[in-house]
Amino acid sequence: MRVSVYVLNMRGEPLMPTSPTKARKLLKTGNAKVKRTQPFTIQLTIATGETKQPITLGVDAGSKTVGLSATTDEEEVYAAECLLRDDVVDNLATRREFRRSRRHRKTRYRKARFNNRLKSKGWLAPSVEQKIETHFRLIRDVHKILPITKIRVEVAQFDIQKIKNPDISGIEYQQGEQLDFWNVREYILWRDGHKCVQCSGKSGDSILNVHHIESRKVGGNAPNNLVTLCETCHNKHHMGEIQVKVKRSQSFRDVAFMGIMRWAFYNRLKELYPNVSLTYGYITKNRRIQSGLGKSHIVDARCVTGNPLVVPSSIIYELKAVRTKNRQIHKATTNKGNYRKLNQQPKYVHGFQLYDKVQINNGVVGFIGARRKSGSFRVVDARGNQLANSGISYKKLRLLENRKAILTGVKTVIS
């Protein structure tokens with residue numbers, strides 16, 4: 001196993017990576033300068049030979065985690081795992097609530113204008129679009145430090161109805177679980193036998209409500225997120241007196257995402273880069289098992305490149321996509337007295353902004369996770385885990401890098 005130091009030529013174009021020893025000599029003699037700390041990248045200040053080898057970038061696409069691996073025929077020169085954002089749906093739902101409330105207060109008699117809003121061809125939901133764009137951003141970042149010659153992407157195709165009912169076939173695909181029902185509410189009441197799932201009718205309340213197990217903001221109106229409750233139990237639950245004993249069944253949100261993004265991601269990628277190919281999960285799984293490798297996103301990405309048995313990288317980079325802007329004026333939750341606290345904060349507090357990369361005076365490197373005007377900061381790693389037991393004074397922090405949309409840290413160093 002080896003550690004790769006990434007090299008750029010004088011024009012800022014990527015060259016083949018080098019060893020830490022050679023990089024140290026180049027820096028010491030002044031023939032190179034540090035361009036980036038993580039991944040550690042140097043830029044040459046002199047002209048040199050630019051011999052390159054074929055490098056294949058494997059992308060294990062996913063709805064929660066993305067695996068990346070760049071390999072030559074002999075070794076893995078880059079390995080990373082990125083956590084994607086999962087707060088887009090909740091943020092959009094919160095914004096929609098604020099807007100509807102504001103319009104109701106100020107223009108409650110305004111006529112509907114929704115018929116003149118057309119979606120462009122190829123439109124995708126913002127939550128899906130954001131994740132696809134993060135995939136592109138990760139690929140662009142790798143191209144900035146390595147001369148990639150080929151990209152291979154693993155996508156998946158799922159039959160959701162087959163997952164629900166393995167015996168489904170023929171015309172049954174056109175006859176869903178809500179066949180012959182006017183709406184979702186009618187189906188839920190019939191499915192639960194027109195009885196409260198909490199008390200089974202013991203309360204004696206004849207009024208039945210359809211209750212969301214998960215919040216409507218993030219759980220939606222899918223049948224597996226709805227149950228029947230009598231009005232008595234429903235009110236008690238929302239007052240915090242009881243907890244609904246029913247849990248939501250399997251969610252197919254991630255499966256649906258992979259089906260939606262599959263061709264959109266691949267077709268856009270072909271427009272941006274040459275020599276892009278597609279592979280499937282069952283091929284990756286077979287290659288991983290035949291090679292005797294364990295299951296992980298990094299290993300899957302390495303198998304996607306077609307070089308599963310090359311020398312693995314000694315460093316695995318831990319990445320996380322974060323929110324970069326927050327224009328919300330007020331907090332979503334109200335304080336006592338139905339008072340909404342302002343959400344406006346200064347961009348800089350004692351010279352630091354959220355997610356700035358810093359170094360504590362004991363040598364530990366992390367990111368600003370929270371700030372207080374008193375100067376006590378919370379420092380976290382790339383995955384959001386706190387690095388110190390209590391707040392750290394801003395006087396003990398040194399700025400290494402301004403905030404970015406993707407946080408980069410070292411996950412594992414194998415000696």
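Taking the chain as a Gaussian network, Cα atoms linked when under 10 Å apart, which of LYS106, LYS285, LYS236 shows the biggest mean-square fluctuation? Most flexible of the set in this elastic network: LYS106. Each Lys and Arg contributes +1 and each Asp and Glu -1, all at the Cβ; summed about the Cα centre of the chain, the dipole is approximately 2620 debye.
When the chain is described by a simple charge dipole with +1 on each Lys and Arg Cβ and -1 on each Asp and Glu Cβ, the residue from THR29, LEU354, ILE406 located farthest towards its positive end is LEU354. Modelled this way, with points 7 Å down the Cα-to-C-beta line, the labels at VAL3 and HIS194 are 7.2 nm from one another.
For the peptides 354-362, 211-219, residues were scored by their other Cβ atoms within 10 Å and the scores averaged per peptide; the highest-first order is 354-362, 211-219. Compare THR284, THR324, THR71 in a GNM of the chain, Cα atoms joined below 10 Å, and give the one with the largest fluctuation. Ranking THR284, THR324, THR71 by mean-square fluctuation puts THR324 first. Cross-link reach is defined here as a Cα-Cα straight distance under 19 Å, omitting same-chain residues fewer than 8 places apart; for LYS25 the lysines meeting it are LYS33, LYS35.
Legend: ranking of residues LYS150, LYS28 from fewest to most surrounding C-beta atoms inside 10 Å; resulting order LYS28, LYS150. Once the Cα-Cα distance is subtracted from the 0.36 nm per residue extended length, the ASN235 to LEU118 segment shows a gain of 38.2 nm.
The residues packed around LEU8, meaning those with a beta-carbon under 12 Å from its beta-carbon, carry a net charge of +3 if Lys and Arg are +1 and Asp and Glu are -1.
Computing Kirkwood radius over Cα pairs in Å for the structure here picks out one of (i) 24.0; (ii) 21.7; (iii) 25.5, namely (iii). Converting phi to 3J(HN,Hα) with the Karplus coefficients 6.51, -1.76 and 1.60 and the offset θ = phi - 60°, the range 137-151 yields 4, 4, 5, 4, 5, 5, 5, 6, 10, 9, x, 5, 10, 8, 10 Hz in sequence order, with x at every glycine or proline. Highest GNM mean-square fluctuation among PHE367, PHE158, PHE257, for the chain modelled with Cα contacts below 10 Å: PHE158. Each residue of the range 222-234 was assigned a 3J(HN,Hα) from its phi angle through the Karplus expression (A = 6.51, B = -1.76, C = 1.60, θ = phi - 60°), giving 5, x, 6, 10, 10, 9, 8, 10, 6, 5, 5, 5, 5 Hz with x at Gly and Pro. Of the residues SER390, HIS330, SER376, the one whose Cα sits farthest towards the positive end of the charge dipole of the range 326-404 is HIS330 (charges of +1 on Lys and Arg Cβ, -1 on Asp and Glu Cβ, taken about the Cα centre). Here VAL246 and LYS25 are evaluated by their C-beta separation; at R0 = 60 Å the FRET efficiency comes out at 0.35.
Taking the Cα centre of the range 326-404 as reference, the dipole from Cβ charges on Lys and Arg (+1) and Asp and Glu (-1) amounts to some 340 debye. Ranking of ARG398, ARG2 by neighbouring Cβ atoms within 10 Å, starting from the fewest: ARG398, ARG2. Going down the table (LYS236/LYS325; LYS64/LYS285; LYS217/LYS373), which pairs top 27 Å between alpha carbons? LYS236/LYS325; LYS217/LYS373, as the Cα separations exceed 27 Å there.
Charged neighbours of LEU387, selected by a Cβ distance under 13 Å, balance to +3 (K, R count +1; D, E count -1). Listed by Cβ neighbour count within 10 Å, with the fewest neighbours leading, MET10, MET239, MET261, MET16 appear as MET239, MET10, MET16, MET261. Using the structure shown, list the pairs from LYS28/LYS396; LYS52/LYS150; LYS320/LYS395; LYS119/LYS162 with a Cα-Cα distance above 21 Å, or answer none. Going by Cα-Cα distance, LYS28/LYS396; LYS320/LYS395; LYS119/LYS162 fall outside the 21 Å limit. Modelled spin-label separation between ARG403 and VAL184, with each label point placed 7 Å from Cα along the Cα-to-Cβ direction: 3.4 nm. Please report the antiparallel percentage of DSSP beta bridges with both residues in the chain, rounded to the nearest 5. Around 70 percent antiparallel, to the nearest 5. Close amide-amide hydrogen proximity is noted between ALA370 and ARG378, each under 5 Å apart and 5 or more residues distant or on a separate chain (H modeled in the peptide plane; Pro and chain starts excluded). Electrostatic bookkeeping for PHE257 treats Lys and Arg as +1 and Asp and Glu as -1; over the other residues with beta carbon under 10 Å from its beta carbon, the sum is +3. Which one, GLN157, LEU146, LEU189, is farthest towards the positive end of the dipole of the range 139-207 when Lys and Arg carry +1 and Asp and Glu -1 on their Cβ? Farthest towards the positive end: LEU146.
Any read-out appearing in this document is the output of simple, stated calculations on the displayed coordinates, not a laboratory observation. As the structure is a prediction and not an experimental result, all values here were calculated from the model. Methodologically, a virtual Cβ is constructed for each residue, glycine included, from the backbone with ideal geometry; neighbour enumeration extends over all protein chains shown.
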